[in-house]
Every structure is written in structure tokens, then in C-alpha cells.
Amino acid sequence: MHTPSRREFLKSTVTTACSAGLTACGFGEVLAASPASRSTLRMPPSAPLPIKKGVLLDMLPAKLSYADRMKMARDVGFDVIQALTTPDQREAEEIKKAAAAANVRIDSVMNMDHWKYPLSSSDAAVVEKSLAGMRTSLHNAKLWGSDAVLLVPAVLNPQTSYREAWSRSQKEIRKLLPLAEELKIVIAIEEVWNKFLLSPLEMAAYIKEFKSPWIQAWFDVGNVLLYGYPQDWIRTLGKSIVKVHLKDFKRKEDGYEWVNLGDGDVDWEAVREAFREIGYAGSAITELKAGDESYLRDVSRRVDRLVLGHP
């Protein structure tokens with residue numbers, strides 16, 4: 001997605017997160033669980049990873065119909081699509097038909113109201129708008145045959161402390177669990193530039209506290225480069241990762257920029273090895289700028305080489 005809320009939110013230096021809301025016991029459980037994820041039977045080192053290549057619907061040319069966009073995604077080599085929350089039922093049905101006609105699966109939904117209306121807000125009206133947006137996303141997922149909805153759980157600001165973001169967001173997300181379980185859709189928590197869940201241990205503990213198979217992790221490879229290493233996050237989150245976003249990030253003397261896969265600072269070989277170690281076989285969705293067929297075909301080939309490990 002190319003909105004300021006996802007790509008431009010954090011312009012200043014990211015600071016170390018406090019551990020508010022995390023008990024020593026919680027961290028201990030996560031630390032104790034880490035070796036188990038690393039002992040998972042590895043895939044053969046020479047075999048390409050069985051990850052499904054995906055593309056964000058917004059990366060496909062907006063001037064085309066949904067049918068033509070879906071067909072292009074399939075033609076350039078993508079297996080799955082991530083669509084955005086679509087409140088209009090007719091439009092949602094059109095997206096479903098277009099995907100079916102192109103024989104491409106909509107495997108996940110990007111929830112859209114969690115930035116403008118964060119679940120961590122102290123304003124009940126704001127929170128209710130956020131919950132309503134998530135309910136729409138969950139019903140979209142059911143209609144489209146998806147199995148996960150991406151959720152940014154909280155947004156820190158001068159009015160919302162770390163501890164408040166933790167407790168408020170968990171309280172509200174628990175209200176969504178009955179619907180998620182009924183529809184059989186995972187709520188996938190993403191780490192993003194919201195000044196929250198700034199370490200893999202925190203994210204693992206936050207998810208673990210729900211004690212629910214319907215709350216898991218959505219891992220974004222590019223988002224952690226300012227304050228960590230993707231391969232470390234992958235190994236720490238382990239089997240809780242149900243979906244992945246692919247982005248690359250380039251540090252510069254005067255700041256940074258989002259770049260195409262392989263043109264930034266991500267150590268893709270290390271990332272690929274970490275995915276191999278945890279046995280990840282879900283989807284990996286490219287979240288880059290939009291482009292034409294030639295550009296998308298190049299992105300698809302980069303995923304083959306950098307992420308899947310094709311020669």
C-alpha cells in the first residue's frame with residue numbers, strides 16, 4: 001500500500017521500545033519456545049522453497065478492470081493476491097468473480113481502517129469504527145476464500161502510551177475472536193512503523209497472550225530493517241508466521257528509500273535460510289509500487305531468485 005500511513009509514518013529515528021505489558025514469565029515462555037522452532041526439520045538446502053508467490057492488488061495497473069488485473073497477475077507468475085477491505089458488496093463480488101476467472105486465489109485481506117481508527121484509541125467511537133472495518137475485512141475474506149486478514153493492532157502517539165496500546169488493543173481484538181473462529185479466518189498481526197512491537201520477542205509474547213490459533217503473525221521483511229534483522233525475527237516468530245510481506249529498504253546518508261527487491265539492504269540469502277529453517281510454506285506477498293506488465297514480470301522473477309531460491 002502506498003499511503004503515508006504505511007510507508008512514511010516513521011520519519012524520525014525509531015527508539016527502543018519499553019517492555020510495558022510484558023511479564024518476565026511471558027518473555028521466558030517465548031525464549032523457551034525459540035529453540036523448538038529452530039529444531040524444525042529443515043527443507044533440503046538445494047530445493048526451492050515451497051512458498052506461494054503473491055502480489056498486492058494495488059500493485060496491478062489501476063486502469064485495468066479487476067478481471068484484467070487478475071489475469072495479468074497470473075500471466076506474470078503470481079499464485080495469489082492480497083486484496084484490500086472492500087465494503088461495497090457488488091465490488092467485492094466482482095473481485096471474487098475476476099479471481100475465479102483468472103484461476104488466481106485471493107489468499108488474504110489487508111484491513112484498511114486500523115491506521116485512521118486504531119484499536120488503541122481512548123475514543124470509543126474511533127475504536128468501534130476500527131472494529132467495524134475488521135468485521136468487514138473478515139467477511140470479505142470469507143467471501144473470497146481467503147484464510148487471513150492483516151491487522152495493525154495499535155498506533156502509538158503522545159496520547160497513547162505503550163502500555164495502553166498493549167492492553168487496549170488486546171481487549172478489542174478479543175472481541176473479534178468469536179467472528180474469526182466462526183468464519184475460520186486468522187487475524188494476522190503485522191509489525192509496522194507504528195512504534196509498537198519493536199522486537200520479535202515482544203511480538204511473539206503479544207500473540208502468545210491471546211492463547212488462540214486465530215491470532216497469528218504477519219511478518220513484513222522490510223519493515224524491521226531500521227531496528228532489527230529479518231532473519232532473526234523469522235526464527236523468533238517461527239511457526240506463528242502465517243503470511244509474509246516482501247519489501248526492500250535502502251539506507252542512505254540523508255535518510256532511506258523503499259526499493260525493488262534485491263536493490264536494498266535486505267540479506268535475502270539469510271532471509272531465505274531462516275524461512276527454510278522454520279519450514280515456512282505459506283504465501284509471500286510483494287508490497288511494492290504499482291507498475292506495468294514488464295515491471296511486474298521482473299518482480300515475479302526477483303521473488304523466484306531471492307525468496308524461493310530458484311537458480
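The values are calculated or read from the model by the stated rules, or taken from the named source; none is laboratory data. Computed from a prediction, not measured in an experiment: that's the story for all the values here. Quick reminder, even Gly has a Cβ in these numbers, built from the backbone with ideal geometry, and neighbours come from all protein chains shown. Remember, those area values only see protein heavy atoms, side chains included, never the ligands or the DNA or RNA. Shrake-Rupley method; radii C 1.70, N 1.55, O 1.52, S 1.80 Å.
Suppose we look only past 35 Å in the calculated P(r) of the chain. What percent of the Cα-Cα pairs does that tail hold?
15
State log₁₀ I(q)/I(0) for region 165-213 at q = 0.21 Å⁻¹ as given by the Debye formula over alpha-carbon point scatterers of equal weight, solvent excluded.
For the requested q values the scattering log ratios are -0.79.
Which of the three applies to region 149-235, rounded, prolate or oblate, going by the alpha-carbon gyration tensor with a ≥ b ≥ c and a/c under 1.5 meaning rounded?
oblate
What is the Cα convex hull volume of region 73-199 when expressed per residue in Å³?
112
Taking the Cα centre of the chain as the origin, how large is its charge dipole in debye, to the nearest 20, when only Lys and Arg (+1) and Asp and Glu (-1) carry charge on their Cβ atoms?
Charge dipole of the chain: 460 debye, to the nearest 20.
Evaluate E = 1/(1 + (r/R0)^6) for A101 and A132, where r is the Cβ-Cβ distance and R0 equals 22 Å; express this FRET efficiency to the nearest 0.05.
Efficiency computed from Cβ-Cβ geometry: 0.15.
Count the net charge of all other residues whose Cβ sits under 9 Å from the Cβ of V221, scoring Lys and Arg as +1 and Asp and Glu as -1. Each step should come with its number before you reach the end.
Working: positive: K247; negative: D220, D248.
That sum, taken over residues with Cβ under 9 Å, equals -1.
When the helix-only estimate is applied to the chain (DSSP H runs of n ≥ 4, each -39,500 (n - 2.57), divided by the residue count), what is the mean residue ellipticity at 222 nm, nearest 500 deg cm²/dmol?
Roughly -12500 deg cm²/dmol at 222 nm, from the helical runs in the chain.
Any idea how far the Cα center of region 78-108 sits from the one of region 259-311, in Å?
If we compute the Cα centre of each part, the gap is 22 Å.
Which number do you get for Rg(Cα) / (2.2 N^0.38 Å) in region 199-311?
Computed over Cα atoms of region 199-311, the ratio equals 1.10.
Any chance you could get the radius of gyration and Dmax over the Cα atoms of region 59-143, in Å?
Answer for region 59-143, Rg first and Dmax second: 14.6, 46 Å.
Please identify every one of the GluC sites (Glu not before Pro) in region 175-264 that sits in a loop by DSSP and has no more than 11 other beta carbons within 10 Å of its own beta carbon.
Answer by residue number: E253.
What is the percent carbon and sulfur in the accessible area of the chain, measuring with a 1.4 Å probe over the protein chains and ignoring ligands?
Here carbon and sulfur together make up 53 percent of the probe-accessible area.
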